[in-house]
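Here's the structure, in structure tokens; my notes come after.
Nothing in this text is a laboratory measurement; each read-out follows from the coordinates by a stated rule. Values in this document were obtained by computation on a predicted structure and should not be read as measured data. Counting neighbours? That spans all protein chains shown, and the Cβs are built from the backbone with ideal geometry, glycine included.
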Amino acid sequence: MVTNQSPLNSKRSRTALFIGGALVATAVVVYFSFFYPPESEKNLQGTIGGVKKYHSSQIEGKDVQVGSEATTQTPADAQVGNSATLDGKTEAAKTEAAKTEAAKTEAAKTEAAKTEAAKTDVAKTEAAKTEAAKTEAAKTEAAKTDVAKTEAAKTEAAKTQAAKTEAAKTEAAKTEAAKTEAAKTEAAKTEAGKTDRGR
């Protein structure tokens, strides 16, 4: 059974389908521009499980608006659309600012770690210098001790030499005394011989 439609109804039907298709296409573009992929899946890579593809449902009669109802957009609707766009951009800007701030914080931590490492190196160098100075002081003290020991040894040697000299002098004096005594004895004998001859 063939239904004859008037040219006017046919024209309206085609206009309604065209407008409905345009609205659906606009909705798809807006969705993929601002809301896809979801925030929680932006940093995910790879596929786990099956691939989920987008499937749009078929347009039904209730989805199509005819006449001025479909084409007229109130200022309130335009403001809502603009507000959603601005909110999306503001949120993206906040996310970028948070990432930048996090990067600055990490850079500051890295710089602080480098500064601490430099301070530690300086402290190690100072400790090494102090230890070297202590070693040098110990060597100097040991050298002074060795000099003192050498000086004491020289003093002892000098005392020993002086004692030997005194002993030699005493021995020489004894020898001289013995010679003098022997000379006296000889003189006494000579005197006694002379006396005996005179008798």
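Give me the pairs, please: first residue somewhere in the range 11-32 and more than 22 Å from THR85 (Cα to Cα), second residue anywhere and in a helix (DSSP H, G or I), beta-carbon distance under 8 Å, and either six or more positions apart or on two chains.
Cβ pairs passing all conditions: ALA16/ALA70; ILE19/ALA70; ILE19/THR71; GLY20/ASP63; GLY20/ALA70.
Which members of the range 11-35 meet the condition of being loosely packed, with under 12 Cβ neighbours inside 10 Å and either among the charged types (D, E, K, R) or not in a helix (DSSP H, G or I) (or both)?
Across the range 11-35, the qualifying residues are LYS11, ARG14, PHE35.
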